[in-house]
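Read the structure below first, then the notes.
The values are calculated or read from the model by the stated rules, or taken from the named source; none is laboratory data. As the structure is a prediction and not an experimental result, all values here were calculated from the model. All Cβ positions, even for glycine, are placed from backbone atoms using ideal geometry, and neighbour counts span all protein chains on display. To get the accessible areas, we keep the full protein, side chains included, count just its heavy atoms, and leave off ligands, DNA and RNA. Shrake-Rupley method; radii C 1.70, N 1.55, O 1.52, S 1.80 Å.
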Amino acid sequence: MRKLHLLIFACSTLAFLSPSPADVPDRVVTEFPNSGGDSVTGDEDWFFIADADSCSLAAYRFDYATMSWLFDQTVPPPVSATSAPNFCPFSEFGTVSSSDEEVLVVGAPGLQPNGGNACNDATPNNRGGFAVYELENGTWTIQPIGNACGPGDNLLFTPDATSNNDRIAEKVTVSKVGAGSVYLIGIGSPGYDRPGFAGDNQGRIGYYRYDASNNSLTSIFNVVTGTPESQLGSAISLNQGGSDSYSIVGGAGFADPEGRAYVIEVTDSNSFRIVNVLAPNGGDTGLGQDLSLSSRYAVASSDGNAYVWGNAGSAALPDYSDGPAVISTGGGDVSQSNGIVAAAEGGGAFDGAQIVRAPLIDDLNADQIVAELASTTGNLADISEDIRLVRESLWFANPSEDRALLMRFPAGYGIRFDTAFAYQQISLPCNVVGKTVSEVYGSLGNSAGSGGSDFDIYLYDDNAAVTSGAPYEQLNDSYTFTSDDANYSLWFAVGAGKEGYVTAEDCVGFSVPDTVYNGPTDGLPANIRGHRSIPLPQPAFDSKTGKTFARVMVNNPFPRAVRVADLRYDAGGGVVKTLAQAEAANELSAVIYIYDPANGSATSQGYRPVTAAGTPPFNDTIAAQEGFWVEVLDNGSANQALRVTVAE
């Protein structure tokens, strides 16, 4: 394994003191007033805020030019919202919703389906139903999947929901199946009663296949328990972004009072297989009230806690038997995105959520991000009831204030330092131009460059010799970051007692791409939405090695991981190449070097090579907030640059 030997200051000069700081990454809270805030749902491209009073949803689209959510359109209500008296809000249309890619499912658990010309009168019967919307030519359009409310209405109700107060579709979830046009929809109805047993609340779950190519909805199966008060379907979630055939289902009344969560596989034979039965710690109650499932984690909340189980199997054959770990004592809604888990809390110690980056590894007392809505006014008692984490965006429904709240993390979620004095090469994934070192990292204390002992920071020096083994300069607390600094990564170390996650705590805002893509560009996957160009120096002859080259410490400007295969070499003059093509032309090495703490020492820094194909045991990805080295070769041009891309 290749090593680059670099100069560092002597550790003996540091007298590291003081305890570990609170984790205070930069965050921005945005209020969406008068939006209803009855439910929130979305993915990387689209997000929805539902308003049950008007039976409509506000749709926001992520704008990569500004790295922000912008209003796009109002999603209209079903026909009955205007043709049937009292449809809104008695139907509770929009109190639950779920979306994935180009399909949106909206629940109406208070719906009164009667097959006539009206759905809800002054005494709704709460039988329930749901609607499906599809993105058609840029517009979200309701689909003709049923006529529960009479001719011309598109709202579906479950045909065998024969009892009042069954509240079909009190919980909904949707996930795309593979690369085609088929989606899997899951429906949870914890208040469902067995026919003839009014009020037994045994619960019910149902799964449907929706084919967007022909607007067809096909029932796969429905399950009831036969056990009174089991509340099957108290929560339901499909594995979005993973294996679409796996789901997690809550039964908050099972094993009364403990509750259960069930991971199931929806099989091709229109049946299901139980993969895991998840139970809370002893003495806890009501597990299964809120759920989230991914290929990494199963997450479930109870009356007082939120739990995480890790997948001890594989993405194709999961086994959520690793754990559980308690990540919150709030007992609110849970959500996860790209390995980050959020658990909501409200009306207790604080209002907001706990953010956990490695829930089965981290010290949960020290390593959580406390995402508190401390400066937000109004009634936040219901803030824990519906949240959604999408990348670096954390959404809260706040219906008591007729709004939704969005908390964003411009600097991402930090990078971990396990050992004092051990340097790592890190990136600044947000805009800090005009900010001082003290403003960006001041919660750690004072830097070694200012005579302190809490952290040390070096920045790549673009005026140093390009063949230097240590082309960087030590910064002090008053150093102000410039626009050129945004191109280059940092050497960083923390002192004793400062171990843990380190995140920029004061940003000007998100870094934004130089160029945004409207479709697949330069042979990149469709999920790549833009890039930032990092200028590369021309190579120079090195008398020590007899070679011509240049080394550069590159910054990843976005708080998201990037695959080496998605980097591009810009040779100038409109010529863009993959790294393999650039290496074949002797312009830029196709091997990226990333710091490897297991291969370093007090006098040198160890590296691991990373390639587009992956370099076992390492993968093919540069992590968020991870800096990296590139090497310009003999034929590197005068106007060359490295394009660092940003993915959905």
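Restricting to region 36-60, count the residues that are over 16 Å from Met407 (Cα atoms) and either in a loop (DSSP other than H, G, I, E, B) or without any contact (Cβ under 8 Å) to a residue 24 or more places away in the chain (or both).
Of the residues in that region, 7 qualify.
Name the single residue that is nearest to Ser68 (Cα to Cα) among those in region 507-520 being free of Cβ contacts under 8 Å to residues at least 12 places away in the same chain and either open to solvent by 40 Å² or more (accessible area, probe 1.4 Å) or in contact with a Leu (Cβ under 6 Å, 6 or more places away or on another chain) (or both). Before you say what the answer is, go through the steps one by one.
Step one: of region 507-520, the residues free of Cβ contacts under 8 Å to residues at least 12 places away in the same chain are 518-520.
Restricting the remaining residues to those that are either open to solvent by 40 Å² or more (accessible area, probe 1.4 Å) or in contact with a Leu (Cβ under 6 Å, 6 or more places away or on another chain) (or both) gives 518, 520.
On the way: Asn518: 16, Pro520: 21 Å.
Result: Asn518.
Take region 344-368 and flag every residue that is under 16 Å from the mean Cα position of the chain (by Cα) and either of a type outside the set (A, V, I, L, M) or within 15 Å of Ala381 (Cα to Cα) (or both).
Ala344, Ala353, Gln354, Arg357, Pro359, Gln368
So is Asn379 exposed (fewer than 15 other Cβ atoms within 10 Å of the Cβ) and modelled with pLDDT of 90 or more or not?
yes
So which residues in region 206-219 are open to solvent by 10 Å² or more (accessible area, probe 1.4 Å) and either farther than 15 Å from Phe130 by Cβ or not aliphatic (A, V, I, L, M) (or both), if there are any at all? Break it down into steps so the answer makes sense when it comes.
Residues of region 206-219 that are open to solvent by 10 Å² or more (accessible area, probe 1.4 Å), as a first pass: 208-209, 211-219.
The answer is Tyr208, Arg209, Asp211, Ala212, Ser213, Asn214, Asn215, Ser216, Thr218, Ser219.
So which residues in region 350-372 are among the hydrophobic types (A, V, I, L, M, F, W, C) and either without any contact (Cβ under 8 Å) to a residue 12 or more places away in the chain or open to solvent by less than 30 Å² (accessible area, probe 1.4 Å) (or both), if there are any at all?
Answer for region 350-372, where residues must be among the hydrophobic types (A, V, I, L, M, F, W, C) and either without any contact (Cβ under 8 Å) to a residue 12 or more places away in the chain or open to solvent by less than 30 Å² (accessible area, probe 1.4 Å) (or both): Phe350, Ala353, Ile355, Val356, Ala358, Ile361, Ile369, Ala371.
Can you tell which of Trp69, Trp140 is within 30 Å of Asn431 (Cα to Cα) and at pLDDT 75 or above?
Only one candidate passes the filter, namely Trp69.
Let me confirm something: among Gly186, Gly191, which residue is under 23 Å from Gln289 (Cβ atoms), at pLDDT 90 or above and not hydrophobic (A, V, I, L, M, F, W, C)?
None of the other options fit; the residue is Gly186.
Go through Ser292, Ser301 for me and flag whichever is farther than 15 Å from Leu238 by Cα, surrounded by 24 or more Cβ atoms within 10 Å (Cβ to Cβ), modelled with pLDDT of 95 or more and of a type outside the set (Phe, Trp, Tyr).
Details: Ser292 fails: farther than 15 Å from Leu238 by Cα.
From the options Ser292, Ser301, the qualifying one is Ser301.
For the structure I just gave you, tell me whether Leu389 is within 14 Å of the chain's Cα centre (by Cα), over 22 Å from Ser234 (Cβ atoms), at pLDDT 95 or above and surrounded by 20 or more Cβ atoms within 10 Å (Cβ to Cβ).
Here the answer is no, as Leu389 does not meet what is asked.
Considering only residues of region 315-330 that are over 20 Å from the mean Cα position of the chain (by Cα) and among the polar types (S, T, N, Q), which is surrounded by the fewest Cβ atoms within 10 Å (Cβ to Cβ)?
Among those residues, the one meeting the criterion is Thr329.
Quick one: in region 550-569, which of the residues that are open to solvent by 10 Å² or more (accessible area, probe 1.4 Å) and farther than 22 Å from Ala613 by Cβ is modelled with the lowest pLDDT?
Arg551
Yes/no per residue for (1) surrounded by 16 or more Cβ atoms within 10 Å (Cβ to Cβ); (2) of a type in the set (Lys, Arg):
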position	(1), (2)
Phe197	no, no
Arg204	yes, yes
Gly226	no, no
Leu238	yes, no
